[in-house]
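Undergrad: Take a look at the following structure, please.
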Amino acid sequence: GERALEMVRRQLPDLILLDHSLPGRTGADIAAELKGDAALRKIPIVMMTAHTYGAVGRRARDAGVDGFLSKPCDPHRVLQEVERYLAA
């Protein structure tokens, strides 16, 4: 989780695909921190998780996640989400 934050701050990606289950912190925690940073908040974040949408999905949305994909993900669905956010 911490390494992901460092990498995003260094590289400023166009899109972030973020798993919910990370060492030390959840993807929702990471998303909330990224969305709370004025320099990073406009980067779209798509949460990918094996957890059902329920509580994890609500935490992800509350954290500001832009999209949500349940794993296992169909590769075509992942590409659709990437195209959707990069085209915007």
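The values are calculated or read from the model by the stated rules, or taken from the named source; none is laboratory data. None of these values were measured; they are calculated from a predicted model. So basically every Cβ, Gly included, is an ideal-geometry build from the backbone, and we count neighbours across all protein chains shown. Accessible surface areas use protein heavy atoms only, side chains included; no ligands, DNA or RNA. Shrake-Rupley method; radii C 1.70, N 1.55, O 1.52, S 1.80 Å.
Undergrad: For region 57-86, name all the residues that are open to solvent by 40 Å² or more (accessible area, probe 1.4 Å) and within 11 Å of the chain's Cα centre (by Cα).
TA: Arg61, Asp66 - these are the residues of region 57-86 that are open to solvent by 40 Å² or more (accessible area, probe 1.4 Å) and within 11 Å of the chain's Cα centre (by Cα).
Undergrad: Taking interchain pairs and intrachain pairs at least six residues apart, which have beta carbon atoms under 6 angstrom, with the first residue in region 1-22 and part of a loop (DSSP other than H, G, I, E, B) and the second among the aromatic types (Phe, Trp, Tyr)?
TA: Leu15/Tyr85
Undergrad: Out of the residues in region 17-34 that are among the aliphatic types (A, V, I, L, M) and surrounded by fewer than 22 Cβ atoms within 10 Å (Cβ to Cβ), which is modelled with the lowest pLDDT?
TA: My answer is Leu22.
Undergrad: Is there a residue being of a type in the set (D, E, K, R), closer than 20 Å to Ala4 by Cα, part of a helix (DSSP H, G or I) and touching a Leu at 6+ places or on another chain (Cβ under 8 Å) anywhere in region 31-42?
TA: yes
Undergrad: Is there a residue being modelled with pLDDT of 95 or more and open to solvent by 50 Å² or more (accessible area, probe 1.4 Å) anywhere in region 42-56?
TA: yes
Undergrad: Just need a number here: residues in region 44-88 that are touching a residue at least 40 places away in the same chain (Cβ under 8 Å), of a type in the set (A, V, I, L, M) and assigned to a helix (DSSP H, G or I).
TA: 4
Undergrad: Still on this structure: Go through region 1-31 and report how many residues are more than 11 Å from the chain's Cα centre (by Cα) and of a type in the set (Asp, Glu).
TA: Summing the residues that are more than 11 Å from the chain's Cα centre (by Cα) and of a type in the set (Asp, Glu) in region 1-31 gives 3.
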